[in-house]
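This is the structure I have questions about; it appears just below.
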Amino acid sequence: MQRYFISEDQVKNDHFIIQGDDYHHIVRVMRMEKGSELICVLSCNKTALCQIEQITNEHVIVRVVKWIDEQTELPIQIYIAHGLPKGDKLELVIQKGTELGAFSFIPFVAARSIVKWDEKKANKKLERWKKIAKEAAEQSHRGKIPDVHAPMTIHELVEFAKSADCRIFAYEEEAKQGNHQMLTSVFRKMKRGQSLLAVFGPEGGFSDEEVELLKQHGFFSCSLGPRILRTETAPLYLLAAASYQFELQ
């Protein structure tokens, strides 16, 4: 069943007013009619089965049939900080990372990022990333849409990280040396409801200066197994490992 996220200003008692892109999707793509059912998710993580009562030229008005109790969010909040990679790799990370339960995405301008952040195109790019996260959250039946932040500098990132309970960065040198226990150790120490900020470098990895800066600000370097992963694969590996640790055991 199709799922749509509802903001507070769309709520009118036990009715929701849907417009914009979601209106177009309901009416033009899904071709729903009066009486059709769909799922609406509020920003407070409440989920409702709804039925369409009215379709106008600009709005779809739905009525709450019943509230649904569901738990689809990871028990820990994982922030994925990613050095800006080439091409559409970050879009892949946002889409698949949302499906795997990421809480938030934080792009940052790394020393070895080949792509440079263009402030003139910033709003359009950020809007696209947020749309990808929204659509992936709907598809995977998430209870929330992950936040997607505007790109930060590495110094802004370490300042932001102070609010996280745990901080790690994926470092291939740890894999080369066979040190594979840190990630497991971090997961075992974490409690449900806590937050983890995980940092991943771009294609060229981290510079020596970035490694030292992260360590100085309380980040632990982690291996993600004995193989060297691509920059777009590493965050997905971590999210899958977290799901196994906190949801499947």
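Here are the criteria: (1) within 16 Å of the chain's Cα centre (by Cα); (2) more than 28 Å from Glu247 (Cβ to Cβ); (3) in a loop (DSSP other than H, G, I, E, B). Tell me which single one Leu126 does not satisfy.
(3)
Among the numbered criteria (1) in a strand (DSSP E or B); (2) under 30 Å from Leu248 (Cβ atoms), which single criterion is violated by Phe108?
(2)
Going by what's in this entry, would Gln139 be described as within 10 Å of the chain's Cα centre (by Cα) and open to solvent by 50 Å² or more (accessible area, probe 1.4 Å)?
Considered against the rule, which asks whether it is within 10 Å of the chain's Cα centre (by Cα) and open to solvent by 50 Å² or more (accessible area, probe 1.4 Å), Gln139 comes out as no.
Here is a follow-up. Given the conditions (1) under 27 Å from Tyr244 (Cα atoms); (2) touching a strand residue (DSSP E or B) at 6+ places or on another chain (Cβ under 8 Å), which single one is not true for Ser140?
(2)
Same structure again: Mind listing just one residue for me: the one in the stretch 1-17 that is of a type in the set (D, E, K, R) and in contact with a strand residue (DSSP E or B) (Cβ under 8 Å, 6 or more places away or on another chain) and, of those, nearest to Lys144 (Cα to Cα)?
Arg3
Taking the residues in the stretch 18-58 that are touching a strand residue (DSSP E or B) at 6+ places or on another chain (Cβ under 7 Å), outside any strand (DSSP E or B) and open to solvent by less than 60 Å² (accessible area, probe 1.4 Å) as candidates, determine which candidate is nearest to Lys144 (Cα to Cα).
So the residue we want is Asp22.
Conditions (1) open to solvent by 10 Å² or more (accessible area, probe 1.4 Å); (2) more than 13 Å from Asp147 (Cα to Cα); (3) among the hydroxyl-bearing types (Ser, Thr, Tyr); (4) out of contact with any Lys or Arg (no Cβ under 7 Å at 6 or more places or on another chain), marked per residue:
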residue	(1), (2), (3), (4)
Arg63	yes, yes, no, yes
Trp67	yes, yes, no, no
Glu70	yes, yes, no, yes
Pro75	yes, yes, no, no
Gly97	no, no, no, yes
Phe105	no, no, no, yes
Val109	yes, yes, no, yes
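Checking Ser113 against (1) surrounded by fewer than 14 Cβ atoms within 10 Å (Cβ to Cβ); (2) within 17 Å of His155 (Cα to Cα), only one condition comes out false. Which one?
So Ser113 meets the others, but not (1).
The values are calculated or read from the model by the stated rules, or taken from the named source; none is laboratory data. The structure displayed is predicted, hence computed values, not measured ones. Every residue, glycine among them, receives a Cβ derived from its backbone with ideal geometry; neighbour counts consider all protein chains shown. Note: accessible area is taken over every heavy atom of the protein model, side chains too, but ligands, DNA and RNA are not part of it. Shrake-Rupley method; radii C 1.70, N 1.55, O 1.52, S 1.80 Å.
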